[in-house]
1. Could you report the chain's accessible area per residue, 1.4 Å probe, as an integer in Å²?
2. Could you sort the peptides 195-201, 258-264, 547-553 by per-residue average Cβ neighbour count (10 Å cutoff), highest mean leading?
3. Quick check on packing: order 207-213, 348-354 by the mean number of other C-beta atoms within 10 Å, highest mean leading.
4. With each label point set 7 Å from Cα along the Cα-Cβ vector, what nm distance links GLU681 and GLU610?
5. Sorted by accessible area with a 1.4 angstrom probe, largest first, how do GLU122, GLU311 fall?
6. Using Cα centres only, tell me the gap between the range 181-216 and the range 533-592 in whole Å.
7. A 23 angstrom limit on the alpha carbon distance is what I want to check against. Which of LYS259/LYS669; LYS12/LYS156; LYS97/LYS128; LYS462/LYS602; LYS7/LYS134 exceed it?
8. Could you work out the relative contact order of the chain, using alpha carbon pairs under 8 angstrom and six or more residues apart, expressed as a whole percent?
Amino acid sequence: MDIRTLKGVGEKTAALFEKLHVDTAEELVTYYPGDYEQFGVPVLPEQAPDGEIAAVEGRLAGNVATRHVRGLSITTFEVSCEGASLHMTYFNMPYLKNSLKRGQTYIFRGCLHRRKDRYVMEQARIYKPEEYGKLTDCMQPRYATTKGLTNNAITKAVRQAIRLVDLSEDPLPEKIREAEGFLSFREAVEQMHFPTGRETLLAARRRLVFDEFFRFILVLRRMRESNERMKSVRPMIEVAQTERLIEALPYRLTKAQQKVWGEIQADLTSEYAMNRLVQGDVGSGKTILAFLSLIMCAANGFQGAMMAPTEVLARQHYESLMKLNQDYGLQLHPVLLTGSVGVRDRREIYAQIGSGEADIVIGTHALIQEKVAYKNLSLVITDEQHRFGVRQRETLAEKGGGLSEADGAASVSDSGSREKGQAVHVLVMSATPIPRTLAIILYGDLHISVLDELPADRLPIKNCVVNTSYRNTAYKFIEKEVALGSQVYVICPMVEEGEEQELEDVASYAKKLRSALSPEVRVETLHGRMRPAEKTRIMEAFEAHHIDVLVSTTVIEVGINVPNATVMLVENAERFGLAQLHQLRGRVGRGDKQSYCIFVSKSQRPETMERLKILNESNDGFYIAGKDLALRGPGDLFGIRQSGDLQFALGDIYRDAAVLQSASDWADKVLAEDAALAGEEFASLRRALTLHEINEVDFRSI
């Protein structure tokens, strides 16, 4: 059902929905809120917790004043609240001077802070008392929006879609629903969008998260069955080139690297195809193991391919391999293939790959385009594994299915058909530090190797967890580091100013920084809504040190390696999971300079600050992931979802670890009972799985 069939959704609005990847009413029904707003009864400033969202009723006591600082308009005024004074500040909202009336009573809802002897709020939303009264004690859905499409417009469209779309068929078998006490599918969807209370919302979310995990695990289990004990297309032998390189390197491999390299070599020389995940923290040395694997493959006379999630990272890998090639006389013939390669150069690269002249191919998704034909692809490596779909990984692996005449001679039976069940070696790498119990479920089709040791000469990052009053000090520190020639990341959770006024956004924060820092400091922005070419341009400019401070969303979590970056400042740190904050922190500390990470929290709750201070205790991602798993319970609903690492539509592998385990157990039971899901009780489930396999090529982003 085209989304334009909904009342009020014309061509223009449909184009905006398309930006959110919503084209049909069915897709809109599963476009779930990212958060909910609860409008509590207004309180006096002294009754509100410091650093928390609160609603305060007060009278506009004085005049509204607006001043301009380096292109930024700052509007301020005082509000009287039964004896207490509340200082209000707004950025780029000069129209308030005309819309607010002195002596009038308003309700201000925002993040309230105590500053010495007064209370302050920034960018609080303003309501008339009668308007606010209608919202009290309601849970209002907050959807991810795009410019021109408001939360209110999405809410109205969702209400219509739920009435029109047939939600009567429940994909989950009845015995599972009864055993787990789940809501029906229809009720879960309705309550997820428009909850009647917190408990029903949690019940709805648990049901839908289970569905998502359950379907995913079923697909994964079936893949594992098909991949189990697949014969290698081209078995390899150990070669002297890799051992000579290990001996010649200016550093010694850690014990963890040596152990994992032994596991990879054993796989590559086995008669069975490798399916291995190398899971290691940022800086643990995954890349050199990938290069050793590619060198071994090339030395055996075969081709190896390595796929990175961004052009910048692909180019960095290519340049690093070329340096090894030149410094140690490896006699490799690598090529770089990305989307930005020109037509003439692309044709030349295709020819080199097709003839086998190029023995190592490094690139992005361009590696799996139909026009790319490999001569004897035998090893496929995907870097930052969680950014690629299972299907993308398989598509690249399938490029090695065609055997050359020499290779194929031994694999052709008397009838002339190639032997079935052959596969290329697959090595996937991830810096996402997932506890082993979850990794076994989530990477069920792979053997797992863990790099749990960092090089001895790595300087540990210095961390601090602070409140917003520390900002000016942080800005001075940033200016000092830039003056010393270093670079800085600033992370904000939002792209642009939106419904959640308490969250910092990239666009506004960059303006704020430009006015706070010296004019000589070059500030630029980066976020996921930019076109790929623009994102690549910005990342390359930062890498080349044409930018001093990069204000970004979590899009920099992977795909950029800038050893000169020594400082990271994360705003609204309380809204991220610890594992993701650790991932972000991994962007600094990559060179030989001392690096720093500043986590700024708007929440002053003791438990929030204690949770964030775990990042001070350790730079070990696996330790932090374990703590994250222990701290994030199913009731921890209101926070920014993990971004990037195994991103499901609703599920969070840390918060929902118990649901993930339950879904895994049920998947095993169901497949043990009926491996083909041929029974009538699984008819709806079969249809749901078919839809997801067709429509969600990446099955989200694992």
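1. That works out to 43 Å² per residue.
2. Per-residue Cβ counts within 10 Å, averaged per peptide and sorted highest first, yield 547-553, 258-264, 195-201.
3. Going from most to least packed, we get 207-213, 348-354.
4. If labels sit at GLU681 and GLU610, their model points lie 4.5 nm apart.
5. GLU122, GLU311
6. That distance is 35 Å.
7. Going by Cα-Cα distance, LYS259/LYS669; LYS7/LYS134 fall outside the 23 Å limit.
8. 14
The values are calculated or read from the model by the stated rules, or taken from the named source; none is laboratory data. None of the values given here were measured: they were computed from a predicted structure. Note that each Cβ is placed from the backbone with ideal geometry, even for glycine, and that neighbours are counted across all protein chains shown. Keep in mind that these areas ignore ligands, DNA and RNA; they rest on the heavy atoms of the full protein, side chains included. Shrake-Rupley method; radii C 1.70, N 1.55, O 1.52, S 1.80 Å.
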